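A short worksheet on the structure shown next.
Derivation of every value follows stated rules applied to the coordinates shown; laboratory data play no part. These numbers were taken from a predicted model, which means no experiment stands behind them. Glycine gets a Cβ as well: all are built from the backbone with ideal geometry, and neighbour counts include every protein chain shown.
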Ligand SMILES: [Zn+2]
């Protein structure tokens, strides 16, 4: 080959190679490059009902193949005990759920690992495995024995949502604090509740204020010496729902160094959704009532089946993805992109925003955030960096 041609070929290769490097990275590249963390998913309930989520499933929003497809690196599995009275204690039921997540990891060692620390997360990311972490939703399994915190910490629980919709004996929930018909013996954290928060700080377990009432929230702010989280809450200013956080609460979380992980529930993100849903369902009420009677499972399973049954009717009232992105944007603008993340509540909600059908749609969120003008670095913080920061802060003791 004449030298001139060799030069030409070499130059062409160099130009095309450098061209490849200078091409803008797509939202998809950025999403799959980022460590993506979701701090709240209720799929453990489906596992307890006998579903195998190690394979692609038809129901719900998530399973191992779909986590991978959605680029999820860290999923916090919610350990939640329904308030209905059964023969078994809250403590035993929580243990059973932890067993189910443990067995998922044990049976699928090439795909998922039960992560207990930021060190475990880093290793799982390097090995391209899903880091499954545990967050307990509601402090009821502790009973009144603070030593039970050690038990659940030792089993891998790395955040505790102090209440669910129902209060504990030591912390009041948003639902109970805002319901004028509920008589409460106390409001906020009791002396024992404050001791629980301090012990969580000592152990390195994140304090989660999703579901708690405002009195409890401010007691936590006054007690916790570590950054706190709201694992699955959205913005009250955009949607007046008791589960959402007001501006003064958001500012307090920023001052505390904590993070708010945005919940995808249409009822929490779209102030018009509840009315639209009631109007849509009204003409179907008789059918819904009979479905509730005949469908198997608990209230949540039934509601989920009803939402699937009426999928076509839900379609026109589901909020667009932009409404969800507004919540990320609002928090990032008010208190900074260091204080917001993803707390989808997938498999804990019956309806999702359009463009966010299940966990595989998460790259759409990354694209939308980039389109709003956030830098790659800021988007990566929102996708997971902020969670890893607070986890490491909790571990430092
Ligand atoms: Zn919840």
### Task
Would you mind classifying segment 109-179 by shape? Square roots of the alpha carbon gyration tensor eigenvalues, ordered a ≥ b ≥ c; an a/c under 1.5 is rounded, otherwise it is prolate if a/b is larger than b/c and oblate if not.
prolate
### Query
Between residue 69 and residue 107, what is the label-to-label distance in nm when each label sits 7 Å out along the Cα-to-Cβ direction?
2.0
### Message
As a test of the formula, what do you get for the chain when each DSSP H run with n ≥ 4 contributes -39,500 (n - 2.57) and the sum is divided by the residue count, at 222 nm and rounded to the nearest 500 deg cm²/dmol?
### Response
-13500 deg cm²/dmol
### Query
So how do 218, 164 line up by other beta-carbon neighbours within 10 Å, fewest first?
218, 164
### Query
Separation of segment 135-193 and segment 72-96 by C-alpha centroid, Å?
14
### Task
Kindly put 36, 157 in sequence by how many other C-beta atoms sit within 10 Å of each C-beta, fewest to most.
157, 36
### Query
Rounded to the nearest 0.05, what FRET efficiency is calculated for residue 334 and residue 52 with R0 set to 25 Å and r the Cβ-Cβ distance?
0.05
### Task
Any chance you could get the radius of gyration and Dmax over the Cα atoms of segment 89-209, in Å?
16.2, 52
### Query
What number in nm² do you get for the chain if you take the convex hull of its Cα atoms and divide its surface by four?
23.4
### Task
Taking the chain as the reference, fit the longest principal axis to its C-alpha atoms, fit the long axis of helix 191-203 to the helix C-alpha atoms, and give the angle between the two in degrees, 0 to 90, nearest 10.
30
### Cα long-axis angle, helix 247-256 against the chain (0 to 90 degrees, to the nearest 10)
70
### Task
Provide the percentage of antiparallel DSSP beta bridges, counting only those with both residues in the chain; round to the nearest 5.
5
### Query
Kirkwood Rh over Cα pairs of segment 272-397 into Stokes-Einstein at 10 °C, 1.306 mPa s: D in µm²/s?
94
## Note on the structure
Most exposed to least, judged by fewest other Cβ atoms within 10 Å, 383, 362, 238 sort to 238, 362, 383
#### Entry: Global size of segment 290-333 as Cα Rg and Dmax, reported in angstrom
15.5, 47
#### Entry: Cα-based convex hull, segment 55-122, per residue volume (Å³, whole number)
121
### Task
Specify whether the C-alpha gyration tensor of segment 202-274 places it in the rounded, prolate or oblate class, a ≥ b ≥ c being the square roots of the eigenvalues: rounded for a/c under 1.5, otherwise prolate if a/b is larger than b/c and oblate if not.
prolate
### Query
Given labels modelled 7 Å from the Cα in the Cβ direction, how far is it in nm from residue 255 to residue 88?
4.4
### Query
Using the alpha-carbon atoms, what tilt in degrees (0 to 90, nearest 10) does helix 3-22 show relative to the longest principal axis of the chain?
20
### Task
Mind checking the full-extension length gain between residue 195 and residue 123? Use 0.36 nm per residue of separation minus the Cα-Cα distance, one decimal, nm.
22.6 nm
## Note on the structure
Quick numbers on segment 144-279, Rg and Dmax over C-alpha atoms in Å, give 15.1, 49
### Query
In whole angstrom, how far apart do the alpha carbon centroids of segment 229-301 and segment 29-64 sit?
20
### Task
Show me 248-258, 107-117 ranked by packing, highest mean number of other Cβ atoms within 10 Å first.
248-258, 107-117
